[in-house]
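Structure, as structure tokens:
The values are calculated or read from the model by the stated rules, or taken from the named source; none is laboratory data. Since we're looking at a predicted model, the values are computed, not measured. Don't worry about glycine lacking a Cβ; one is built from the backbone with ideal geometry, like all the others, and counts go over all protein chains shown.
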């Protein structure tokens, strides 16, 4: 058990037994055990102390709790907004709790369903830990933890800031082992002043340069050849299916063009690659694009691809 936020201050996975002593540990143990069984808010008043605990659950799995303890008669402070989410790194999809839908101001038709991980990145600006987060997505390892801040851009034009924490675990899904990130985000009022860290492109810094008119830029996982996120500054194309939600067709490359896609990916170890291929549109038809791919070293042993493309007329 670890604490990731205490009194509105982020904590770096602080072990509960390091932070609390004696009867305090017994009270929080009872709260966690009860909430894990019931998945319901928990209240206790005993020996002059009062406890309040609220669970955060996604897909039936408990991600964490908000916990408060004080003396009988103490006023319970207002509970900050906390949201739970799970990222399936194997399928590159994300699912959030109702609180996440509120925090992110998701449209009603997109709530309560998994969607492409790129939908999250399209809505948030992350701090200087982004390169670490990308490494965790492209090459996740069970047991890894990560934390950071992000600014969430909402549909009404407002921006909410939150501190997030996640731990990667293994889950058996459909007879296969998936690597899944179990996360929590807590809304905060401020975050450290920092600019998003650019990626390293070959031996040079990619300074997230502005794209040419009509060009889209995306980061793609080379192992699964799936979209990780759109480059900052790129407005996702409205003609191409990529969200992986119920109201859109599943993203796909035309079967006849998969050899082109594979050749582009395999050739990146030597140089940039180009190709023309068809991808599925939001109307179910095929949309032809002209694409160029460049290798993006995320870490010493981890790579992805920056894909720049235009839609052919």
What single numbered condition from (1) touching a residue at least 60 places away in the same chain (Cβ under 8 Å); (2) in contact with a strand residue (DSSP E or B) (Cβ under 8 Å, 6 or more places away or on another chain); (3) surrounded by fewer than 16 Cβ atoms within 10 Å (Cβ to Cβ) fails to hold for residue 30?
(1)
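Quickly run through the range 281-308 and pick out the residues that are over 15 Å from residue 225 (Cα atoms) and part of a strand (DSSP E or B). Talk me through it step by step, then tell me what you get.
If we filter the range 281-308 for residues that are over 15 Å from residue 225 (Cα atoms), which is where we start, we get 281-290, 297-301.
Hits for the range 281-308 are 281, 286, 287, 288, 289, 290, 297, 298, 299.
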Six or more apart or on different chains, Cβ under 6 Å: which pairs go from a residue in the range 158-180 that's outside the structural domain of residue 9 (by the TED database) to one that's surrounded by 14 or more Cβ atoms within 10 Å (Cβ to Cβ) and part of a loop (DSSP other than H, G, I, E, B)? Could you list them?
161/191; 168/140; 168/144; 178/90; 179/89; 179/90; 179/140
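Can residue 132 be described as under 22 Å from residue 241 (Cα atoms) and touching a residue at least 12 places away in the same chain (Cβ under 8 Å)?
no
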Looking at the range 233-241, can you tell me whether even one residue there is modelled with pLDDT of 95 or more, part of a strand (DSSP E or B) and under 24 Å from the mean Cα position of the chain (by Cα)?
yes
Check off (1) modelled with pLDDT of 95 or more; (2) surrounded by fewer than 17 Cβ atoms within 10 Å (Cβ to Cβ) for residue 211 and give me the number that stays unchecked.
(1)
Name the residues in the range 282-313 that are free of Cβ contacts under 8 Å to residues at least 60 places away in the same chain and surrounded by fewer than 18 Cβ atoms within 10 Å (Cβ to Cβ), would you?
282, 283, 284, 285, 286, 288, 290, 292, 300, 312, 313
On the basis of being modelled with pLDDT of 90 or more and within 29 Å of residue 143 (Cβ to Cβ), does residue 71 make the cut?
no
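This table checks each residue for (1) farther than 21 Å from residue 306 by Cα; (2) at pLDDT 90 or above.
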{"residue": "82", "(1), (2)": "yes, yes"}
{"residue": "90", "(1), (2)": "no, yes"}
{"residue": "106", "(1), (2)": "yes, no"}
{"residue": "132", "(1), (2)": "no, no"}
{"residue": "166", "(1), (2)": "yes, yes"}
{"residue": "171", "(1), (2)": "yes, yes"}
Filter result for the condition that a residue is at pLDDT 90 or above and in a strand (DSSP E or B), over 181, 143
181
Please go through the range 48-89 and give me each residue that is surrounded by fewer than 17 Cβ atoms within 10 Å (Cβ to Cβ) and touching a residue at least 60 places away in the same chain (Cβ under 8 Å), ordered by number.
61, 80, 81
Mind checking whether some residue in the range 270-277 is in contact with a strand residue (DSSP E or B) (Cβ under 9 Å, 6 or more places away or on another chain), more than 15 Å from residue 223 (Cα to Cα), part of a loop (DSSP other than H, G, I, E, B) and modelled with pLDDT of 95 or more?
no
Selection count, the range 92-119, where residues are closer than 15 Å to residue 228 by Cα and touching a residue at least 40 places away in the same chain (Cβ under 8 Å):
8
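Taking only the range 76-92 into account, find how many residues are more than 17 Å from residue 57 (Cα to Cα) and under 11 Å from the mean Cα position of the chain (by Cα). If you could, list the steps in order and put the result at the bottom.
Within the range 76-92, the subset more than 17 Å from residue 57 (Cα to Cα) is 76-78, 89-92.
Cutting the leftovers down to under 11 Å from the mean Cα position of the chain (by Cα) gives us 89, 92.
So the count comes out to 2.
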